[in-house]
Amino acid sequence: MKTALAAFALAACLVGPASAAPYTVVDALGREVAFDAVPSRIVIAGRGTLLLTDAVYLFGGVSERIVGVAATDQGLGDVLPVIDPAYSRKVRFANDAGVEQLAGAKPDLVILKTYSKQKVGDALERVGIPVLYLDLETPESFYADVRSLGTLFRQDERAAAVVSWYESRVAAISAAVRSVTVRPSVLVVQATGQDTDLAVTVPPASWIQARMIETAGGTPVWVAQNRTTGWLKVGIEQVAAWDPDHVLAVAYASSSTVAAKRLAGASAWQATRAGRAGAIRGFPADLVSWDQSDTRWILGLAWLAATLHPERFPGYDVRAEATAFYRELYGVAAATIESAILPRLPGATGGR
């Protein structure tokens, strides 16, 4: 793209395993996990497996080391076949699989989200299975976790290239909106039920959605009201008080476009500033919504910036951004991107 979102060439760093000299990896909980060699039987498990898997597969050659993966389908389709042609050879677990099931895959490492420590991780370590924790919840922790994975797989150069790929895009977007004097107000809602004209839920202030909106040159209107650790239900009266310029609907297991249309069709939402301006939209998704602390947060950020400030990103092309993401970060073939990803994007027939 010939704009602030210009593509950043990311050279593939598909290096093989390093020597068997012992080394340590510092995980997201600050723990030092020792290894004699790069693990050869890795399981990715627990809640948030999708986010973990997408981070792990940023590194070349990992497929041959991944023997088991918990569910990576949030409801829009399984992303694993897109990024791993050998997915059918993996043991598949439920996200609530217990220690006995995970141990049955004979892993020499299990990768978990930090919030799975007490429920799963501690029990795994009691039976002698090492655990590495990732957080991924903010851009900063995402970068740190990518570097930890680079150390784990002995691919530090690849980790540095991936972090640079993200940081360059964030920097370009930040520079483009830095001089914005009027920052539009934005409300992100999860709206999947039939009563969405009466109530929706909003994410916590600490989650990545608020950070993305701020970086994209907007103001997240809900953050003062949700200092909890989960989605908070709010009524239409609160929405009317916020009266946002933009409403972005997310629906992880179904179409966000349908959810947004349902909101836009309700009289209470039509009375809001966003409703009057026709600015109630579904947050983009392919097989995964782009608003999450998943590797796709960079796609969500670019879309947000171009949506809130189209005059500053006149060359933005959602298809080009998604194509570059899958090609440069995962090495996905053009035919697969064309068939599995692009038809789901905003503006495509049947898009999400």
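Points to keep in mind about this one:
- Tally, over the range 250-271, of residues that are in contact (Cβ under 8 Å) with a residue 60 or more places away in the chain, over 14 Å from PHE283 (Cβ atoms) and not in a helix (DSSP H, G or I): 1
- Top-ranked residue in the range 155-194 [being in contact with a Phe, Trp or Tyr (Cβ under 7 Å, 6 or more places away or on another chain) and charged (D, E, K, R); ranked as farthest from VAL247 (Cα to Cα)]: ARG158
- VAL110 being of a type in the set (A, V, I, L, M) and under 25 Å from GLY61 (Cβ atoms): yes
- So GLU125, is it in a helix (DSSP H, G or I), of a type in the set (Asp, Glu), on the phi < 0 side of the Ramachandran plot and assigned by TED's automatic domain parsing to the domain that holds GLN292: no
- Residues (buried (at least 17 other Cβ atoms within 10 Å of the Cβ), out of contact with any strand residue (DSSP E or B) (no Cβ under 6 Å at 6 or more places or on another chain) and assigned to a helix (DSSP H, G or I)) located in the range 64-98: LEU80, VAL82, ILE83, TYR87
- For the range 326-341, a residue qualifies if it is surrounded by fewer than 22 Cβ atoms within 10 Å (Cβ to Cβ) and in contact (Cβ under 8 Å) with a residue 24 or more places away in the chain, and the qualifying residues are GLU328, LEU329, TYR330, GLY331, VAL332, THR336, ALA340, ILE341.
- Conditions (1) surrounded by 15 or more Cβ atoms within 10 Å (Cβ to Cβ); (2) over 21 Å from the mean Cα position of the chain (by Cα); (3) among the charged types (D, E, K, R): number failed by LYS106: (1)
- So VAL43, is it more than 30 Å from SER255 (Cβ to Cβ) and of a type in the set (A, V, I, L, M, F, W, C): yes
- All positions within the range 207-231 that are more than 12 Å from GLY300 (Cα to Cα), β-branched (Val, Ile, Thr) and crowded, with 16+ Cβ neighbours inside 10 Å: THR219, VAL221, VAL223
- Just one of the listed residues (VAL131, VAL163) is buried (at least 23 other Cβ atoms within 10 Å of the Cβ) and hydrophobic (A, V, I, L, M, F, W, C), and it is VAL131.
- Given (1) over 22 Å from the mean Cα position of the chain (by Cα); (2) modelled with pLDDT of 95 or more; (3) among the hydrophobic types (A, V, I, L, M, F, W, C), index of the condition ALA320 fails: (1)
- Filtering the range 313-324 for residues that are β-branched (Val, Ile, Thr) and free of Cβ contacts under 8 Å to residues at least 40 places away in the same chain leaves a non-empty set.
The values are calculated or read from the model by the stated rules, or taken from the named source; none is laboratory data. What you see is a predicted model; the values in this text were computed from it and never measured. Neighbour counts run over all protein chains shown; Cβ positions are idealised from the backbone, glycine included.
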